Structures are given as structure tokens and as C-alpha cells.
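Structure below; questions to follow.
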Amino acid sequence: MMDTNSELLNYIHQNSEMGEDTIHQLIGITDDAAFKSMLQSQYKEYHTINGITEQKLKARQKEAKNISPLTKATTYMTINLNTLLNKKPCHLSEMLIQGSTMGVIDITKKINQYQMTADKETIELAGSLLSIEQRNIEECKKYLQ
């Protein structure tokens, strides 16, 4: 049976992995230099959180559970279809805002769910992910037209 800290760390790991994968794909799609720069900055934040969760899980003798290959493939195809005809930063920002909004909802639920059972450090890491998602939404809003 997995302890609550490991469960929450794995959730944070998968959420940040999804952010990394999505943004990595969008970096290859956009031609807008300023937008690409913003995406690279967001990618680094997800990558950092992902690395931290991996280290914390290893310290607990647990292995990070990655996103399933099916979920990755589905996301990849969905992004390709959604950007086939429109690669403008406005459209890509809208997609990112929708994804990050789902992320805000999900991580907020997890924080509330684990608030009393997970340790302070793990809850703070979840809070960091929440802050990243919220900041990403605000950054992307600048590109909406």
C-alpha cells in the first residue's frame, strides 16, 4: 500500500510530466519567438518540479509513476489535430489556459484531500505546482485576442 506522501508526489510528478510533454510539443509548433520564449520558461518550471518529485520518491524507495503511453499518445494526437489549421499564439494560449485550468482544479482537490495526511513539504510542493499553473494562465492571457 502506498503512503499518502508518495501518492501526492506521484500525482505532482504526472501533472508536471504532462505539462512538460505538452509544452515541449508546442515549442516545436510555434514560430512566434516571444511565445516560444514564454513556453521555454514554463517548460523549465515543470521540469524542475518533475525532477524534485522524482528525487523525493527515490528517497522514499518509491519509483515515480509516469503517464501511461496511451495517455501520452492521445494527448500528442489531440494537440496535433488542434493545431493543424491554427498555430497562432492566441489559439495555443487558449489550449494551454484550458489545460492549466484543469491542472489548477485537480491540484487544488489533491491539496484539500491530502492536507491532513501528507507532510508539510509535500503539500508545499503541491502548492508550488498550483502557483506555476496559475502563473502560466496569467502569462498566456497576454496572447489572447
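Check every one of the helices (runs of 4 or more DSSP H) wholly within segment 1-98 and list those with 3 or more residues that are exposed (fewer than 13 other Cβ atoms within 10 Å of the Cβ) and of a type in the set (A, V, I, L, M, F, W, C).
Because the criterion is at least 3 residues that are exposed (fewer than 13 other Cβ atoms within 10 Å of the Cβ) and of a type in the set (A, V, I, L, M, F, W, C), the helices (runs of 4 or more DSSP H) in segment 1-98 that meet it are 33-59, 69-82.
Follow-up. Taking the condition under 18 Å from ASN136 (Cβ atoms) and touching a Lys or Arg at 6+ places or on another chain (Cβ under 7 Å), does ILE29 pass?
yes
For (1) of a type in the set (A, V, I, L, M); (2) modelled with pLDDT under 95; (3) under 19 Å from SER128 (Cα atoms), each residue gets a yes or a no:
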| site | (1), (2), (3) |
| --- | --- |
| LEU8 | yes, no, yes |
| TYR11 | no, no, yes |
| ALA33 | yes, no, no |
| HIS47 | no, no, yes |
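Answer with yes or no whether ILE132 is touching a helix residue (DSSP H, G or I) at 6+ places or on another chain (Cβ under 9 Å) and either without any contact (Cβ under 8 Å) to a residue 24 or more places away in the chain or not acidic (Asp, Glu) (or both).
So ILE132 fits the description; yes.
Quick check on segment 49-67. Is at least one of its residues free of Cβ contacts under 8 Å to residues at least 12 places away in the same chain and of a type in the set (Lys, Arg)?
yes
Failed condition for GLU124, given (1) within 23 Å of HIS47 (Cβ to Cβ); (2) in contact (Cβ under 8 Å) with a residue 24 or more places away in the chain; (3) not small (Gly, Ala, Ser), with all others met?
Here GLU124 meets the rest and fails (2).
Can you tell me how many residues in segment 50-83 are more than 25 Å from ASP31 (Cβ to Cβ) and among the hydroxyl-bearing types (Ser, Thr, Tyr)?
Count: 4.
To continue, here is another question. Hey, could you check segment 103-145 for residues that are assigned to a loop (DSSP other than H, G, I, E, B) and of a type in the set (S, T, N, Q) and say which is modelled with the lowest pLDDT?
The qualifying residue modelled with the lowest pLDDT is GLN145.
Something else about it: Determine whether THR71 is modelled with pLDDT under 95, among the β-branched types (Val, Ile, Thr) and over 15 Å from the mean Cα position of the chain (by Cα).
no
The values are calculated or read from the model by the stated rules, or taken from the named source; none is laboratory data. Because the structure is predicted, anything quoted here is derived from the model rather than measured. Cβ coordinates were reconstructed from backbone atoms using ideal geometry, including for glycine residues, and neighbour counts include every protein chain displayed.
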